[in-house]
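Colleague: The structure follows.
The values are calculated or read from the model by the stated rules, or taken from the named source; none is laboratory data. Just so it is clear, the model here is predicted, and its values are computed rather than measured. Side chains included, ligands, DNA and RNA excluded: accessible areas come from the protein's heavy atoms. Shrake-Rupley method; radii C 1.70, N 1.55, O 1.52, S 1.80 Å.
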Amino acid sequence: IQGLPVKSTVCQYTVTPQSKFIINYHPKISNVLLASCCSGHGFKHSAALGEAIAAKLQEKSHYIDLKNFERSWRL
(Lines give C-alpha, C1' and ligand atoms only; values in the text may rest on other atoms or scores of the structure.)
Protein backbone atom coordinates (compact mmCIF):
# COMPACT_ATOMS: atom_id res chain seq x y z
CA ILE A 1 0.00 0.00 0.00
CA GLN A 2 1.47 3.35 -1.00
CA GLY A 3 1.75 6.20 1.49
CA LEU A 4 2.28 4.10 4.62
CA PRO A 5 5.45 4.64 6.65
CA VAL A 6 8.21 2.15 5.99
CA LYS A 7 10.06 2.83 9.22
CA SER A 8 9.72 5.15 12.23
CA THR A 9 12.00 5.97 15.15
CA VAL A 10 11.63 7.95 18.35
CA CYS A 11 13.49 11.10 19.29
CA GLN A 12 16.15 10.21 21.85
CA TYR A 13 17.62 12.89 24.07
CA THR A 14 19.70 13.13 27.21
CA VAL A 15 18.53 14.79 30.43
CA THR A 16 19.24 14.66 34.14
CA PRO A 17 17.57 12.03 36.36
CA GLN A 18 14.87 14.66 37.03
CA SER A 19 14.25 15.02 33.26
CA LYS A 20 15.68 18.53 33.18
CA PHE A 21 18.20 20.23 30.94
CA ILE A 22 21.19 22.00 32.48
CA ILE A 23 22.58 25.40 31.55
CA ASN A 24 24.88 26.46 34.35
CA TYR A 25 28.46 27.38 35.15
CA HIS A 26 30.76 24.53 36.12
CA PRO A 27 30.93 24.26 39.92
CA LYS A 28 34.76 24.23 40.03
CA ILE A 29 35.76 26.09 36.84
CA SER A 30 34.04 29.46 36.92
CA ASN A 31 34.69 30.40 33.28
CA VAL A 32 33.09 27.21 31.86
CA LEU A 33 29.38 27.21 31.06
CA LEU A 34 27.80 23.77 30.55
CA ALA A 35 24.76 23.40 28.32
CA SER A 36 23.17 19.94 28.15
CA CYS A 37 20.09 20.85 26.19
CA CYS A 38 21.04 20.45 22.60
CA SER A 39 20.25 16.90 21.56
CA GLY A 40 16.93 15.59 20.32
CA HIS A 41 14.20 17.58 22.04
CA GLY A 42 16.48 20.50 22.89
CA PHE A 43 17.48 20.89 19.24
CA LYS A 44 14.06 22.33 18.53
CA HIS A 45 14.91 25.22 20.83
CA SER A 46 18.58 25.56 19.89
CA ALA A 47 18.33 28.92 18.11
CA ALA A 48 16.69 30.66 21.08
CA LEU A 49 18.88 28.87 23.61
CA GLY A 50 22.01 29.74 21.65
CA GLU A 51 21.02 33.40 21.63
CA ALA A 52 20.27 33.36 25.37
CA ILE A 53 23.49 31.51 26.22
CA ALA A 54 25.54 33.95 24.13
CA ALA A 55 23.94 36.88 25.98
CA LYS A 56 24.64 35.18 29.33
CA LEU A 57 28.30 34.64 28.41
CA GLN A 58 28.61 38.30 27.42
CA GLU A 59 26.87 39.28 30.68
CA LYS A 60 24.16 41.11 28.74
CA SER A 61 20.59 41.23 29.93
CA HIS A 62 18.29 39.09 27.82
CA TYR A 63 14.58 38.48 27.56
CA ILE A 64 15.03 34.70 27.94
CA ASP A 65 15.47 33.79 31.61
CA LEU A 66 17.73 30.75 32.00
CA LYS A 67 17.31 30.38 35.79
CA ASN A 68 14.96 27.42 35.23
CA PHE A 69 17.88 25.47 33.76
CA GLU A 70 20.30 26.02 36.63
CA ARG A 71 20.93 22.99 38.84
CA SER A 72 22.81 22.50 42.07
CA TRP A 73 25.79 20.24 41.64
CA ARG A 74 26.50 16.99 43.44
CA LEU A 75 30.20 16.28 43.01
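Colleague: Sort 45, 26 by accessible area with a 1.4 Å probe, largest first. All intermediate terms of the calculation are to be shown ahead of the outcome.
Modeller: Numbers: 45 90, 26 55 Å².
Largest accessible area first, the residues go 45, 26.
Colleague: What order do 63, 25 take when sorted by accessible area (1.4 Å probe), most exposed first?
Modeller: I get 63, 25, largest accessible area first.
Colleague: So between residue 72 and residue 31, what do we pick up on full extension, going 0.36 nm a residue minus the alpha carbon distance?
Modeller: Working: separation 41, 0.36 × 41 = 14.76 nm, distance 1.68 nm.
Once the chain is fully extended between residue 72 and residue 31, it gains 13.1 nm.
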